[in-house]
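Before any comments, here is the structure.
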Ligand SMILES: Nc1ncnc2c1ncn2[C@@H]1O[C@H](COP(=O)(O)OP(=O)(O)O)[C@@H](O)[C@H]1O
Ligand SMILES: [Mg+2]
């Protein structure tokens, strides 16, 4: 394991590469999550109706926003001073108007249209639509309506813990972040193998290694193993930051996200190793690393959604491992399991096999 | 025999780097491999260690065929490569440790091997310094230490003294003798004939991928001892005298270096050669003879000086 241990030492000395590969994703994780998640709207509600329905409705809104007590008198000031983002006024007779199928308008006021109030407005609109639908089915019978409402609350309580809107935003931020995690892994795992192996060759240490009982297979295996370890440490760190620091939304299982990132990392390593077989010196390897990683990340949808690119670019993206990594992560974050990304994982594995084969397709002489 | 190479051929495209070469090295020797740049010395070492595939021929080390027992054989061979091959940003100690681990030494053997190798090369007090802070001589010594850590039975040194100061060179030559007295067989490769002359018990002269002469220093000198070497110092360099000399039946070879004309004669009688100077009107300032050196041997065998190179 001499080569493996030696590589760990050399990682520590590659401060620039490591620093960039870790800092780029971290900076973008912070950017992606800033302005989301922690922001909750405060809504002032004046309930002139005071029925079971309106009380339930306030309860549901509390799942989405902080509810403040306001009165008819102070509601304007509260709104202008910014103590509340929005004021809702429920007029008397609101409940019966819904049950009778002639819904009254729910009065909502806000000073400026913000993301927060718009999101909440949309949520309440959706909720009221559901109410009207249930009223229609209850055909004006109060009792059946409230039965249906109880059922509804039970079913939706769990889902409503987080707003549909907030969750979507959280998913989006998670995906943006994961795009940059992929970019960071790509830089690190292409730069280091190509740099370290080429350095060995440049300094003739490579030739010298094989005057010892070390075999070429073992040399390659130990190199790859050291990069896999580095990839794991990086992925763990990034996932820990995302989960612990930003409550990122990874879909059903964070483990699945880890699996996809690891498989992707192995593809990056295979590219790095293949590169090391081609380039002549460390200067070339540095230049090629940047020439390869950034376009791969851009084309593969690490920085923006694949769908916003022209269709021919999307077709082109299918030839990049980054796109398949991003596609798999997108599916996972939006609720799919590992079995739903088998195609993506297979394509990634095929990339790795191809690049490892390219790397081993070298002349038989060690000394050259 | 510790090494037996027979009928080895290695081609680089049209270039015959090793040309049907056979070589035997006995255990306990300091075996000198002398030859100009490009003679094929490094290529030969690379084939002996299995780094370069050969086109033809067999290599046996410790009586075993290289290809069948490569790992086991390599465990007992150390190579000091021609190019300094150590990590510049690891300390001397870390470099030697790395090679010790590559040879799969146990914890105890590793510690002992590392300490001994550093002490042997006089680097103990510098062990925590990095080679990037070393002088050329210190780097060469570290290069050697990395090849000694596993206490090899056979050590091959490929031009270990290139580009260093005289003290470091002497230190290294002395170390080679000490290693040998400790029971290690050494193959010493060089294009400096003085080095080879001073430490090697057996010498092979390599040129253009072939061994053109082999034996002890004395045996090699015997090859041309029948020839008489005459050194004639002349007042001003004159190249036409060489052609005149070469055309004489009694002169085997002639060359000029600065003010000194070197004549190798097949005949004890040098009258003919000397009278050529008179006839040409070249002023002679000094006439002397010398015992042949390996340089003379090489010159006689190839018609070229060692430092001129093979190509
Ligand atoms: N990797 C190589 N590719 C092509 N030619 C080579 C290679 N290595 C050595 N040679 C050629 O083989 C010959 C012997 O070289 P080398 O063994 O390095 O000589 P030496 O070590 O005696 O100076 C030279 O002509 C050199 O150019
Ligand atoms: Mg050489």
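The values are calculated or read from the model by the stated rules, or taken from the named source; none is laboratory data. Everything numeric in this text was worked out from a predicted model, so none of it was measured. Using ideal geometry, Cβ is built from the backbone for each residue, glycine included, and neighbour counts are taken over all protein chains shown.
What to note about this one:
- Residue among B:98, B:66, B:126, B:118 that is within 11 Å of chain A (Cβ to nearest Cβ) and touching a helix residue (DSSP H, G or I) at 6+ places or on another chain (Cβ under 7 Å): B:98
- Selection count, segment B:158-211, where residues are buried (at least 20 other Cβ atoms within 10 Å of the Cβ), in a loop (DSSP other than H, G, I, E, B) and away from ligand 2 (no atom under 15 Å from the Cβ): 1
- When the criteria are applied in full, residue B:54 meets the requirement of being part of a loop (DSSP other than H, G, I, E, B), within 13 Å of chain A (Cβ to nearest Cβ), touching a strand residue (DSSP E or B) at 6+ places or on another chain (Cβ under 8 Å) and more than 10 Å from ligand 1 (Cβ to nearest atom).
- Of everything in segment B:250-276 that is assigned to a loop (DSSP other than H, G, I, E, B) and out of contact with any helix residue (DSSP H, G or I) (no Cβ under 8 Å at 6 or more places or on another chain), the residue that is nearest to residue B:286 (Cα to Cα) is B:259.
- Residues that are surrounded by fewer than 21 Cβ atoms within 10 Å (Cβ to Cβ) and either within 8 Å of chain A (Cβ to nearest Cβ) or without any contact (Cβ under 8 Å) to a residue 12 or more places away in the chain (or both) within segment B:71-85 comprise B:71, B:72, B:75, B:83, listed in sequence order.
- Being touching a strand residue (DSSP E or B) at 6+ places or on another chain (Cβ under 7 Å), away from ligand 2 (no atom under 13 Å from the Cβ) and over 13 Å from residue B:156 (Cα atoms) holds for only one residue in B:49, B:66, and it is B:66.
- Residues (surrounded by fewer than 22 Cβ atoms within 10 Å (Cβ to Cβ) and part of a helix (DSSP H, G or I)) located in segment B:122-143: B:124, B:125, B:126, B:131, B:132, B:133, B:136, B:137, B:138, B:139
- The residues of segment A:12-56 that are touching a strand residue (DSSP E or B) at 6+ places or on another chain (Cβ under 8 Å) and either farther than 22 Å from residue A:242 by Cβ or without any contact (Cβ under 8 Å) to a residue 12 or more places away in the chain (or both), listed by number, are A:41, A:42, A:43, A:44, A:45, A:46, A:47, A:48, A:49, A:54, A:55.
- Residue count, segment B:1-42 (criterion: part of a loop (DSSP other than H, G, I, E, B) and either within 14 Å of chain A (Cβ to nearest Cβ) or within 16 Å of ligand 1 (Cβ to nearest atom) (or both)): 8
- Put simply, of B:119, B:88 the only residue that is surrounded by fewer than 20 Cβ atoms within 10 Å (Cβ to Cβ) and outside any loop (DSSP other than H, G, I, E, B) is B:119.
- Helices (runs of 4 or more DSSP H) wholly inside segment A:207-318 containing at least 2 residues that are surrounded by 18 or more Cβ atoms within 10 Å (Cβ to Cβ) and in the same structural domain as residue A:340 (by TED's automatic domain parsing): A:216-240, A:254-278, A:282-299
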